[in-house]
Each structure stands twice: as C-alpha cells, then as structure tokens.
Amino acid sequence: MRYRKLGKTGLVVSEFGFGTIPILSGNVPVLPEYFSPDTETAVNIMRSAFELGCNLYDTAVPDEYGDAEFKLGIFARKITEKLGREKIIISDKARFYDGNDMYSAVIKSRENLGTAPDVYFVHQVDFKNDDRVFEKYGALDALSDLKAEGKIGFTGIASHYYDILLRGAKDPRVDVLQGSGNIFERGMLERIKNEAAFRGKGFILNKVYAAGILIGAFTVEELIGGILNYPFSSALIGIGTFEQAEAAFKQEPEPRYYSFEEVVKRLTESFEPIPCDRCQRCKCPFGTEIHTIFRQYNYYFLGKNFWALKKLGLNIKYAAECCLRCETRVCENNCPMRLHIPELMEKVERLVNDFCGGQPQNKT
C-alpha cells in the first residue's frame, strides 16, 4: 500500500480507503447493494483491510449508513487498545446543513464511534442547500467550532458537484473535500486537476467503481490503475467481503491511462452509452441537470435499472420538453464532447416511456 498526504492536515492516508456502506445491516433504501455482515464479521473485514495497509475508514451517520458507524466504532476501539488510535484515520459525515443540527450530529457520531472523527464532512451538499452550509451559523461554521473545541480533527465538504467543491476549495474553513469520479465519469476530476484552488486541500475520491457497476466491463486492477494519475489523497473502495478487501488493497497497481474513447468503446460492447464524462459544464437555463440524467440512463444499462428508472421518471418528460423549446443551446455550446443534447434527451424519454407506459411525471 502506498500513502499520500491529506492536504495540509498533517495526516498521511493510505492511497485507497475503506468505504463502509457495504458492511451495514438493516434497510437503508437509498443505498446500493450491501452485504449485511454481522458485527464480528464486519470488524474482521475491516481488520483484514488494515493488515493490508489500509488506514482510512469512511462512514456516515446511521440515518444514511445504517449501523456502519457503530461497527466502525468497535473496530476503532480494538485497534486503539492494541496499537493506538493514531494507527487509523476515521472520516465521518452527516446530511445536515444548519449549524445546530450539524453540531448535534457530530456529538452523536462521537458517541457511536467512541472516539473523535479525524475528519467530518457536511454530506451531499448541492445547490438546494449550499448557501445554508456556507453561510454564518451554517453547518460549516459548526464544524469549524467543533474543530476548535477538539471534538473533530478537521472539517470537510462532500459533494457530487464541481462548483460546490470549488467553493469549498476556496473557503479557508474547509480542510478536506470529498467528491466522486472514475475512469468513465472523469470530467470533474479533469477540472480539479487543472484548478489551482484545490491544491492546498485534502481530497478523498469516491465512486471509483461507480457503485460497483463498472466491474464486469473493467477489472478491479483497471479501475484502480486508471484513476491513479488524478490528484486525490485517498480513493474510497466500498468493501463488504474479505475477497473485496483483498482485491482492493493487496495489490499496488501502477497508473494506467485510458482515453475516454477507449472507455466508451469498452462499454459499447454491452450497450450504446451516452458518452458524457460528467464535467458539469452543461448549464441548463431551465435548471435541468443534464449530466445527471445521462448518468442515470447509462446506469440503467449497467445494472441499476430500477433505481435509474425511478430517478428518471421524476422529471424526464418536463426536461425533454424544455430542451426542445430552448433557443440558446448553451449546454451544447459548452459541452466538450459536442453531444447533441436535445436528441439524447428524447432518447432518454423514450426509454422511460417504454418501461413506464408514458405515465405523467413530476417536474421535481
């Protein structure tokens, strides 16, 4: 296992970290597949990753990750008793945007973990809540206070949106950022690589396997090696079994460059993907998240069909109508791939209609 600096925090993290979603037990409908190991098995899986060199463990509050936070706390106690707390780094997160709510969430997480998280993130920051997060007395202010009080080590912002991560990169209160990307959905990583504001921050990368759906079209070695040239501190791998831990952490793969065209060609062996790398430059005057719709279309064919159709069914009819009557085509003008976006939106709408019977859809 190789190690990298976590920005300016002074922490050194394993190049690949342990994502705890798959070890939760119970029913958390918003999550992808998970393995539901009992507590003893989950702790032993985390220990096996530790023995292979992993020192970063990422979790979230029970409302989001079920009992994973509790299981990680038991593992942390065992490591602390045997080797010392400094041997592992814990990152935790909560989807609260008001300062009071975030402060309470952190106190509860400390109880669940039995220790202070090294990094705590405001989770899933998007354009509906980012002003609340960054404003005075918002969640970020609360994390700053908690850091000053010694209740957490460092502050973080986690988001799937480039503009929000950039806002965090420019904010002196933020120590670490967490965002998503892989060899297919690489557009945000390419932008981060070329933006100087990110260079002073720690960066934790998630969705390396795209919630597991890229495995099959690509090997674990290809998915891991293909992201090593990007400037992250640690890349999280969701681990639910001993076999997954060994596959992710035992190897030390060398960086491997795959052009976007190569990746699309590989996916084309199974279906006709929309070649969108989610760079998020496609700003829509009607507010449609074009890159998200294209992602859900691709995910439908990559195995997440129920989840993708459910998401697409919320607004595709309205989005496609807006796209057809749009006169500016600013999205197409800004798209590096030169995608014909109105035609592709119609294609997505046809997919939904085929499986949903053309039922009316909401605008939300």
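Just so you know, all these numbers are worked out from the coordinates, no wet-lab data involved. What you see is a predicted model; the values in this text were computed from it and never measured. Counting neighbours? That spans all protein chains shown, and the Cβs are built from the backbone with ideal geometry, glycine included.
Here are the numbers:
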quantity: Cα-Cα P(r), the chain, percent of pairs per 20 Å interval; calculated: 29, 59, 12, 0
quantity: Of 5/82; 8/136; 5/87; 78/207; 108/207; 193/265, pairs whose Cα-Cα distance is over 18 Å; calculated: 5/82; 8/136; 78/207; 108/207; 193/265
quantity: Fully extended contour minus Cα-Cα distance, from residue 1 to residue 38, at 0.36 nm per residue; calculated: 10.6 nm
quantity: GNM top mover of 172, 62, 273 - the chain, alpha-carbon springs below 10 Å; calculated: 172
quantity: Dimensions in Å of the range 239-293 - Rg and Dmax from alpha carbons; calculated: 16.8, 47
quantity: Percent antiparallel among DSSP beta bridges (both partners in the range 74-194, rounded to 5); calculated: 10
quantity: Neighbour cut-off at most 15 other Cβ (10 Å), DSSP loop, GluC sites (Glu not before Pro), the range 102-174; calculated: 135, 149
quantity: Residue-span extension gain [residue 86 to residue 196] - 0.36 nm each, minus C-alpha spacing; calculated: 36.6 nm
quantity: The range 196-260: radius of gyration and largest Cα-Cα distance (Dmax), Å; calculated: 12.5, 38
quantity: Residues with amide H under 5 Å from that of residue 56, placed H, sequence gap 5 or more; calculated: 14, 18, 89
quantity: Sum of -39500 (n - 2.57) over DSSP H runs of 4+, divided by residues of the chain (222 nm, nearest 500); calculated: -12000 deg cm²/dmol
quantity: Mean separation of Cα contacts under 8 Å (6+ apart) over length of the chain, as relative contact order %; calculated: 15
quantity: Pairwise Cα inverse-distance average, inverted: Kirkwood Rh of the range 111-243 (Å); calculated: 15.8
quantity: Mean shadow area of the range 240-333, taken as a quarter of the surface of its Cα convex hull (nm²); calculated: 8.6
quantity: Loop-located trypsin sites (Lys or Arg not before Pro) in the range 271-364 whose Cβ has at most 16 other Cβ within 10 Å (DSSP); calculated: 283, 329, 338, 363
quantity: Stretch gain in nm, segment residue 260-residue 219, where the contour uses 0.36 nm per residue and the Cα spacing is subtracted; calculated: 13.1 nm
quantity: Using alpha-carbon coordinates, inclination of helix 316-325 to the longest axis of the chain, degrees; calculated: 50
quantity: Kirkwood-Stokes translational diffusion coefficient of the range 41-109, alpha-carbon pairs, 20 °C, 1.002 mPa s, µm²/s; calculated: 167
quantity: Stretch in the chain that is longest and holds no chymotrypsin sites (Phe, Trp or Tyr not before Pro) that DSSP places in a loop and that have at most 16 other beta carbons within 10 Å; calculated: 1-126
quantity: Cα centre as origin, Lys/Arg/Asp/Glu Cβ charges: the chain dipole, Debye; calculated: 600
quantity: Spatial separation of Cα centroids for the range 173-228 and the range 51-82, in angstrom; calculated: 22
quantity: Local electrostatic count, residue 184, Cβ distance below 15 Å [Lys/Arg +1, Asp/Glu -1]; calculated: 0
